[in-house]
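Encoded as structure tokens, the structure appears first; notes follow it.
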Amino acid sequence: MTATDYGDDGALVLFSGGQDSTTCLAWALDRFPRVETLGFDYGQRHRIELDCRARLRKGLTGLDQTWWRRLGRDHTIDLAALGEVSDTALTRETEIAMEADGLPNTFVPGRNLVFLTFAAALAYRRGLRHIVGGMCETDYSGYPDCRDDTIKALQVALNLGMQRRFVLHTPLMWLDKAATWALAEDLGGKALVDLVVEGSHTCYLGERGERHDWGYGCGTCPACELRAKGFARYANHSGI
């Protein structure tokens, strides 16, 4: 599908600096005539991800002249209040563990609901109809605000509450991590895979010291384990 299939509407991509959001940004650049990006600073333990964003944006525009022409402004919103009301392993220096309700303590309640609401408010002002996020309920940590039903319900609420026709896109919703790596290759070839490996950040602990085949990270947190296992399956299938 190309930009013409979506008309002249632009897109806003929730861009954290991680593997998933980088792949989603490439996906949007491949489809929409105008693309802007949005990051959130909520006091996350792995705030280093925000430092990766500029390099990734530059790297993506270097892969394709069309992408260079389509990529527009970058925005960052300070959501310190979200971190202040959250008592999680992503916003506090505490050990990552499972809670009694079956969710990992890395779950930040309401995070994606808040992110998408602020994204819609910004898209409203910027005249952007499409909002793209990396939510996935196929190969994930069980977060309820990543589920397809949640995103669909929120789209209805945002459209009613803002009297707009926003479309929330989640291109990774039904992909496991191996398929996400493969999607990156489909979109930008090995150069994009290499950019994701070298430039993006996913580790919950914010560890950038050790370089693995799949990128930088502690290698033991849930995010690193998902990324590593997915890359191994992708590499085995693609023969790299």
(request) Rank the residues R31, R73 as a footprinting-exposure proxy: fewest other Cβ atoms within 10 Å of their Cβ go first. (result) R73, R31
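So what is the diffusion coefficient of segment 11-201 in µm² per second by Stokes-Einstein at 37 °C and 0.692 mPa s, using a Kirkwood Rh over Cα pairs? If you can, show how the numbers build up before the last one.
Details: Rh = 16.9 Å.
In µm²/s, the coefficient rounds to 194.
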(request) Quick one: dipole size for segment 11-201, taken about the Cα centre, charges +1 on Lys/Arg Cβ and -1 on Asp/Glu Cβ, in debye to the nearest 20. (result) 1140
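What percent does the relative contact order of the chain come to when contacts are Cα pairs within less than 8 Å and at least six residues apart?
Values: 428 pairs, mean separation 52.8, N = 240.
In percent, rounded to a whole number, it is 22.
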(message) Are there any trypsin sites (Lys or Arg not before Pro) in segment 100-196 that are in a DSSP loop and have at most 16 other Cβ atoms within 10 Å? List them by number.
(response) R164, R165
(request) Identify which of D149, D139, D87 has the largest mean-square fluctuation in a Gaussian network model of the chain, with springs joining Cα atoms closer than 10 Å. (result) D149
(request) May I ask what percent, to the nearest 5, of DSSP beta bridges between residues of the chain are antiparallel? (result) 15
(request) Compare T170, T220, T202 in a GNM of the chain, Cα atoms joined below 10 Å, and give the one with the largest fluctuation. (result) T220
(request) Please identify, among G215, G59, G39, the residue showing maximal mean-square fluctuation in a Gaussian network model of the chain using a 10 angstrom Cα cutoff. (result) G59
(message) Straight-line reach from K190: which aspartates and glutamates fall under 14 Å, measuring Cα to Cα and dropping same-chain residues less than 8 apart?
(response) D64, E198, D213
(request) Sequence neighbours fewer than 8 away in the same chain don't count; with that in mind, list the aspartates and glutamates whose C-alpha is under 17 Å from K152. (result) E137
(request) With an 8 Å cut-off on Cα pairs and a minimum separation of 6 or more residues, tell me the relative contact order of segment 91-170 in percent. (result) 30
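We did not get these values from a lab; they are worked out from the coordinates using the rules stated. On a predicted model such as this, the values are computed, not experimentally measured, just so you know. A quick note on method: Cβ atoms are made from the backbone with ideal geometry, for glycine too, and the neighbour counts reach across all protein chains shown.
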